Amino acid sequence: MARLPAGRVGRPPPSGSLTSPGGAAREGRSWGSLPGSGFLAGDPATFKGAKPGIREVTASSRHYVDRLFDPDPQKVLQGVIDMKNAVIGNNKQKANLIVLGAVPRLLYLLQQETSSTELKTECAVVLGSLAMGTENNVKSLLDCHIIPALLQGLLSQDLKFIEACLRCLRTIFTSPVTPEELLYTDATVIPHLMALLGRSRYTQEYICQIFSHCCKVRMQALKCFSVLAFENPQVSMTLVNVLVDGELLPQIFVKMLQRDKPIEMQLTSAKCLTYMCRAGAIRTDDNCIVLKTLPCLVRMCSKERLLEERVEGAETLAYLIEPDVELQRIASITDHLIAMLADYFKYPSSVSAITDIKRLDHDLKHAHELRQAAFKLYASLGANDEDIRKKIIETENMMDRIVNALSESSIKVRLAAVRCLHSLSRSVQQLRTSFQDHAVWKPLMKVLQNAPDEILVVASSMLCNLLLEFSPSKEPILESGAIELLCGLTQSENPALRVNGIWALMNMAFQAEQKIKADILRSLSTEQLFQLLSDSDLNVLMKTLGLLRNLLSTRPHIDKIMSTHGKQIMQAVTLILEGEHNIEVKEQTLCILANIADGTTAKELIMTNDDILQKIKYYMGHSHVKLQLAAMFCISNLIWNEEEGSQERQDKLRDIGIVDILHKLSQSPDTNLCDKAKTALQQYLA
């Protein structure tokens, strides 16, 4: 954009949305056409933007404007800063400066490529201050085409300048004299404002306030709010406190939920309130959620609504109630929702019943989306409550529908079906009955053989539940080669898959036969086991320690495993106890040692390892009771006098000072620790 001399008004070349670097403007990008777009305002003589009626203009006011034309850029900057200080809280001074033509010159400086960023920012601040005066001031600024100039400023890379432009735009757009339509004239403005949201707390605040004021008549702004609030606590907390004409924004959204409003408006308002609730800005027990949003979304699931609306309603409701038990219970008894959702599986209708080819095509297009939405909502409904799960499973052919969906071509439907099954698998009763009756484990194992990670994560999480000791599916899953599959998951780059793989193995090893434990160790390999014990993901480490505890249970198993893997396991235990780990990790590790100490021959691996004995002694005197108790279990198992060699072990432990510590612990204020210490001391007296 060529520089125009002072005293001229010019237009830049017309542009599209946002031009690429090297375009007309040296800044690199420019907005598309807006009313008055592109004006570079010149000196006061060339623009008659002032309003009549203000006759007195002081000499000092003229002095401020004259300094804006100084050839020295530093003096211009100082002049703008002095002007800023002069207009704060002074409406008369603001009016004087507008009459004298300060606005066109400030806009000219703000848009000049040769102006420093600091100068541009100060110009935006002064313009914002002028806008905070009277409504006539705002009208004068609008007449000078301030909005396109400020929007152009938002293309800068400098955050302070962007914030100053947004602050000024906020003041202008919240004025009753500003036409709201000016925000929507260029289609690129809204997406760019949304892109700026995350830049700072101030950009969020100003943009939300701009949108909130301009949403009164525009669905487009309402949709923006739903996008802005989604999984964004900062934006949601800003929106919930925004006032529009004296009314809080959530109250405006609630009015838009009314049945006499267009369906699109009802749905989008419900999404806004849902996202603000999930982001923590609105409580789940707030009346606007329980009595307004939730019923509105249930209403959207009914047969009377279009298929697209039913999909959107069910998916939004699923998201709203997902983490909250009470909302799940309320939804489950609202308008027979559970039975209503069964209708989602009846599309497309039988071909003979459809004479309209377009209708059939429409139904086919939405059939997958409907099934996906229904499964998502069933998953949320059944996430916590046993009675709700029972109602879902008893709904006509539900288990067959879910099982069949596991082999559908649509990945989204398969994922939603697995999520639904996972939710239902949290029920002990259903694991023992419906899941067994329908042999759910078979299609699940098939899904696990070859699926994208997003499906694998949920499917493997569900497999963890099917491998619990009371699940009848545990045996057939073991026989179908699950150990190899799960050991493979522990090598995944995805931490969630590593966690689920090791978690499932941990469940599998619980109270398992020696053969199963041996198969797990063989398939996992000692090398991989220790790789998992040094995993950077805490959940992986904790579940691996849990697996070791379950492997090292019952004496014959402990002795057998320690006879083949003892050296490596003791080495791993030492490294963890010496490492920078949290209390829970070290407690689990000491519990593994306590299990080893319960072995017949395995306990010698502790007694012959002075380093480990010193560590147990150290944790007996630790400041955290959990670690003291875990170390006490180790000692109790080592000194139990009914076992062979107990006298020698007692003597050795006395020599390293264990008895002295036991005496101290027998005086502990913690009852549990005190009792354990006294019981251990009795072994010495027996």
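The values are calculated or read from the model by the stated rules, or taken from the named source; none is laboratory data. Note that the structure is predicted; figures quoted are calculated from it, not measured. Note that each Cβ is placed from the backbone with ideal geometry, even for glycine, and that neighbours are counted across all protein chains shown. For accessibility, only protein heavy atoms count, side chains too; no ligands or nucleic acids. Shrake-Rupley method; radii C 1.70, N 1.55, O 1.52, S 1.80 Å.
Can you confirm whether E312 is within 29 Å of E394 (Cβ to Cβ), of a type in the set (D, E, K, R) and under 24 Å from the mean Cα position of the chain (by Cα)?
Numbers: within 29 Å of E394 (Cβ to Cβ): yes; of a type in the set (D, E, K, R): yes; under 24 Å from the mean Cα position of the chain (by Cα): yes.
It is true that E312 is within 29 Å of E394 (Cβ to Cβ), of a type in the set (D, E, K, R) and under 24 Å from the mean Cα position of the chain (by Cα).
Is there a residue in segment 234-242 that is open to solvent by 60 Å² or more (accessible area, probe 1.4 Å), under 16 Å from C277 (Cβ atoms) and either in a helix (DSSP H, G or I) or touching a His at 6+ places or on another chain (Cβ under 6 Å) (or both)?
yes
Somewhere in segment 243-261, is a residue touching a residue at least 40 places away in the same chain (Cβ under 8 Å), open to solvent by 20 Å² or more (accessible area, probe 1.4 Å) and outside any loop (DSSP other than H, G, I, E, B)? Checking segment 243-261: not a single residue is touching a residue at least 40 places away in the same chain (Cβ under 8 Å), open to solvent by 20 Å² or more (accessible area, probe 1.4 Å) and outside any loop (DSSP other than H, G, I, E, B).
Are there helices (runs of 4 or more DSSP H) fully within segment 485-589 with at least 1 residues that are open to solvent by 40 Å² or more (accessible area, probe 1.4 Å) and more than 28 Å from T601 (Cα to Cα)? List them. Explain how you work it out, then say what you get.
On the way: elements: 495-509, 514-524, 526-533, 538-551, 555-578.
In segment 485-589, the matching helices (runs of 4 or more DSSP H) lie at 495-509, 538-551.
Within segment 198-223, the set of residues being open to solvent by less than 10 Å² (accessible area, probe 1.4 Å) and closer than 18 Å to K271 by Cβ comprises C208, F211, S212, C215, A221, L222. Residues of segment 299-310 that are open to solvent by less than 10 Å² (accessible area, probe 1.4 Å) and free of Cβ contacts under 8 Å to residues at least 40 places away in the same chain: M300 alone. Scanning segment 80-111 for residues that are surrounded by fewer than 22 Cβ atoms within 10 Å (Cβ to Cβ), of a type in the set (G, A, S) and touching a helix residue (DSSP H, G or I) at 6+ places or on another chain (Cβ under 6 Å) yields one hit, A86.
Against the condition in contact with a Phe, Trp or Tyr (Cβ under 9 Å, 6 or more places away or on another chain) and of a type in the set (G, A, S), how does S471 come out, does it pass?
Numbers: in contact with a Phe, Trp or Tyr (Cβ under 9 Å, 6 or more places away or on another chain): yes; of a type in the set (G, A, S): yes.
Taking the combined requirement at face value, the residue satisfies it.
Restricting attention to segment 468-477 and to residues that are among the hydrophobic types (A, V, I, L, M, F, W, C) and open to solvent by 30 Å² or more (accessible area, probe 1.4 Å), the residue that is nearest to S434 (Cα to Cα) turns out to be F470.
The residues on offer are I639, I635, I616, and the sole one that is touching a Cys at 6+ places or on another chain (Cβ under 8 Å) and open to solvent by less than 20 Å² (accessible area, probe 1.4 Å) is I616.
Identification of helices (runs of 4 or more DSSP H) wholly contained in segment 350-454 with 2 or more residues that are free of Cβ contacts under 8 Å to residues at least 40 places away in the same chain and surrounded by 14 or more Cβ atoms within 10 Å (Cβ to Cβ) yields 357-381, 398-405, 434-437, 441-449.
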